[in-house]
Amino acid sequence: MKRIFSLLTALFLLAAMLPAAASIYDPDAYPMYVKTPDGKQLNMREEPDPNARVLTKIPYGAEVTVYPDILGMVWNHVQYGMYNGYVKTEFLTDRQPKPFITPTPKPTAKPTPKPTPTATPSPAELIAREIQAARSLGLVPQGMLSEGNVTWQELDGLLTNAVRLKSKNPAAIRSHVYLTLEEYQAASAGAQFNIVLRGVAAAEMYGALIDMGDENPRQDHFHDPYIADADDIGLAQGYAGVVTTDDSSDWRQLPMLDMVITVLDHADTTSGNPVMSIDAEHLFFPTHPLTRTDAILGVYRLHRSFHTGIGTVLVTHTRQANLRAEPSMKATIVGKADPGNVYEVVGIPTNGWYQIMLPNGTTVFIAAGMVSFTMN
């Protein structure tokens with residue numbers, strides 16, 4: 001009797017060591033197979049709850065016995081080996097799945113690089129570019145600053161350089177001068193000694209147009225939107241001490257109003273920027289001083305407002321370009337041209353070469369591959 005009792009005790013202890021519901025016989029059970037989308041093992045849980053304890057992990061493709069418990073559409077009660085528990089219905093299939101093959105990862109598509117948008121230069125940057133171009137062209141007198149008000153001497157130097165470049169004569173001087181330095185100093189330019197007023201500066205530019213070869217500086221202004229502050233222009237002409245005479249052949253005795261409007265109507269043929277500016281109300285303020293920046297920009301645009309020569313070249317290469325004595329790669333190198341420099345073209349002697357004029361008036365040759373050409 002004691003032997004039978006001991007045997008029963010051992011069986012109870014062994015049963016206690018097995019998982020809960022380790023094996024259930026049900027004649028209605030049926031086989032199914034584990035099929036996870038990633039080929040990994042499937043968790044069997046103690047309860048039909050995603051947070052329940054995991055009893056074991058079932059390998060991909062393994063057969064399980066499914067009990068016909070009514071658990072809804074999400075969970076199945078299954079037997080696997082000595083374990084029974086619950087697995088997600090979506091990971092079971094009634095056919096033995098093929099061995100899982102890890103898919104070859106698709107190469108990461110490289111995004112098509114978007115072109116970097118070109119930043120729109122600010123007005124200050126555009127002005128700085130024009131001033132640099134004027135210096136490169138040789139218009140700005142040596143050592144002239146861009147700040148402060150321009151003097152008569154500086155404006156005269158700017159206009160003289162423009163005349164020399166346009167006429168291709170390094171020794172040319174201005175013959176159409178509205179006020180000589182002595183007359184200007186005597187007039188005191190509206191009681192502001194040695195500061196060129198905008199009205200007087202416009203008259204000096206009008207004379208420079210004649211010297212540069214503009215055959216008809218006075219244009220038809222019938223549709224000009226400019227609102228002429230004629231009284232102030234008359235005042236500027238009075239300060240200059242020049243009297244208007246209708247029947248005079250002296251260009252200086254033209255009404256300053258005509259000269260101002262003529263200059264205002266001139267513009268850089270490339271950029272369209274006017275030679276001299278007016279304010280938002282289309283007023284010119286001819287008795288106001290002229291800044292050095294306004295003077296440099298004005299003369300640069302005046303010089304580009306009409307063309308008499310062949311054109312200009314811009315050095316576009318990233319390194320200095322050789323200047324040669326003849327249009328040949330074997331010719332003597334007589335100088336260098338920095339990137340960004342602009343030169344007047346005085347001739348095209350042969351294909352692949354331009355004859356250009358330097359600021360000192362000498363002419364040299366530059367290879368076409370180093371520059372871009374703009375025809376006048």
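The values are calculated or read from the model by the stated rules, or taken from the named source; none is laboratory data. Only a predicted model underlies this, so the values are computations on that prediction, with no experimental measurement involved. Counting neighbours? That spans all protein chains shown, and the Cβs are built from the backbone with ideal geometry, glycine included. Surface accessibility is based on the protein's heavy atoms, side chains included, excluding ligands, DNA and RNA. Shrake-Rupley method; radii C 1.70, N 1.55, O 1.52, S 1.80 Å.
Points to keep in mind about this one:
- Subset of the stretch 246-282 (residues that are hydroxyl-bearing (Ser, Thr, Tyr) and open to solvent by 50 Å² or more (accessible area, probe 1.4 Å)): Ser249, Thr269, Thr270, Ser271, Ser277
- Within the stretch 117-130, considering residues that are open to solvent by less than 90 Å² (accessible area, probe 1.4 Å) and assigned to a helix (DSSP H, G or I), the one farthest from Met32 (Cα to Cα): Glu130
- Hey, Gly85 open to solvent by less than 100 Å² (accessible area, probe 1.4 Å), closer than 30 Å to Val313 by Cβ and in contact (Cβ under 8 Å) with a residue 24 or more places away in the chain or not: no
- Number of residues in the stretch 129-166 that are at positive phi and in contact with a helix residue (DSSP H, G or I) (Cβ under 9 Å, 6 or more places away or on another chain): the value is 2.
- Within the stretch 329-374, the residues that satisfy the criterion of being farther than 19 Å from Glu130 by Cα and surrounded by fewer than 14 Cβ atoms within 10 Å (Cβ to Cβ) are Met329, Lys330, Thr332, Ile333, Lys336, Pro349, Thr350, Asn351, Gly352, Asn360, Thr362, Gly369.
- Given (1) open to solvent by 30 Å² or more (accessible area, probe 1.4 Å); (2) out of contact with any helix residue (DSSP H, G or I) (no Cβ under 6 Å at 6 or more places or on another chain); (3) in a loop (DSSP other than H, G, I, E, B), number of the condition Ser305 does not satisfy: (1)
- Residues that are acidic (Asp, Glu) and closer than 17 Å to Tyr30 by Cβ, drawn from the stretch 65-117: Asp69, Asp94
- When the criteria are applied in full, Leu126 fails the requirement of being in contact (Cβ under 8 Å) with a residue 12 or more places away in the chain and on the phi < 0 side of the Ramachandran plot.
- Close pairs (6 angstrom Cβ cut-off, 6 or more residues apart or separate chains): over 13 Å from Pro97 (Cβ atoms) in the stretch 52-64, among the acidic types (Asp, Glu) anywhere: Ala52/Glu46; Arg53/Glu46; Leu55/Glu46
- Considering only residues in the stretch 91-116 that are hydrophobic (A, V, I, L, M, F, W, C) and over 48 Å from the mean Cα position of the chain (by Cα), the one that is least open to solvent (accessible area, probe 1.4 Å) turns out to be Leu92.
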